[in-house]
Each structure stands twice: as structure tokens, then as C-alpha cells.
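Everything below concerns the one structure shown next.
Here, each number is a calculation from the coordinates, and none is a lab measurement. Being a predicted model, the structure only gives us computed values, none of them experimental. Every residue, glycine as well, gets a Cβ built from its backbone with ideal geometry; the counts of neighbours run over all protein chains shown.
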Amino acid sequence: MLAVTKFEADYVEATRRRIKADVSAFKKLDSPPAALEHAFFNNLVLALDRSFVHRVRKNEGKDGNPLNEVRILVDSLIEHGGVMTANSTINLKPEESVLGYEFGDRIEVGAKGFERLADGFFAEIASRFR
């Protein structure tokens, strides 16, 4: 599976349920420290991207949509030590993005931000990869 132009609705829904279950499990913790929250949701961004890793970039677009934002977040987490770093092929405007990270910001995703990002991501997957 090297290039995916379509994701089956059952797969998308199963992935959405798994991600929601992870978020729900975290929310059941009693007063988790912020560092744990950021580590957990940064890693959940990685899991979200990995679930759709073979998506064709042409279908994804490069207009700064939530798919692009996740791609840049993942690249920044893995390749740039968790510092938000621009991608020259994607036109992401921080002020219009879901999480609003400026380039150079430390990435520390929280529960509410992740839920917004995941909602946007799944909406784009449904729109662009059906």
C-alpha cells in the first residue's frame, strides 16, 4: 500500500472510534500533569497520521488544511525536536490553522486542541479520500 486515494468508510470510522477511545481513556485520569497530557496527545497526533500515512499528497492538497497541519506537526515532532517547523511545500498559515502554532513554537498538544484537530482531520479525510 504505497499510495492511497481512497479510504473505506469502515476503516475511517474504526480509526475514529479508536482515537476517541484513547481520548476518553485519558480524560478519565484524575488531574494528570500537563507534561503527561502533552506527551500523550503529541503521540496521539503521530498515531492519527500513521493511520493514514499512505494518503496521496495530491489528494491532501497543500492549502494548510488539517491534513497538512498534522503532516507538519508530525514532521516537527519527529525531525525537529518538537519545534513547529515550516514545510516549504505546504501553505500553512498559523493564524488559520486548528492549533495556531507559530513556526518556532514548542509543540504541546492538549486534549481540547487534539479533539479539534482530529475532527478537522477526519472531515478532510472524508471529503478528499472517499
Quiz item: Of the residues that sit in region 35-87 and are under 21 Å from E102 (Cβ atoms) and among the basic types (K, R), which one is surrounded by the most Cβ atoms within 10 Å (Cβ to Cβ)?
Solution: R71
Quiz item: On the given criteria, is S24 in a loop (DSSP other than H, G, I, E, B) and exposed (fewer than 12 other Cβ atoms within 10 Å of the Cβ)?
Solution: no
Quiz item: Given the conditions (1) touching a Ser or Thr at 6+ places or on another chain (Cβ under 6 Å); (2) assigned to a loop (DSSP other than H, G, I, E, B), and given that E69 satisfies all but one, which numbered condition is not satisfied?
Solution: (2)
Quiz prompt | Residues that are among the small types (G, A, S) and in a helix (DSSP H, G or I), drawn from region 72-88 | solution = S76
Practice problem: Just one of (1) farther than 25 Å from E8 by Cβ; (2) touching an Asp or Glu at 6+ places or on another chain (Cβ under 7 Å); (3) assigned to a helix (DSSP H, G or I); (4) of a type in the set (S, T, N, Q) trips up N91, so point out which. | Solution: (3)
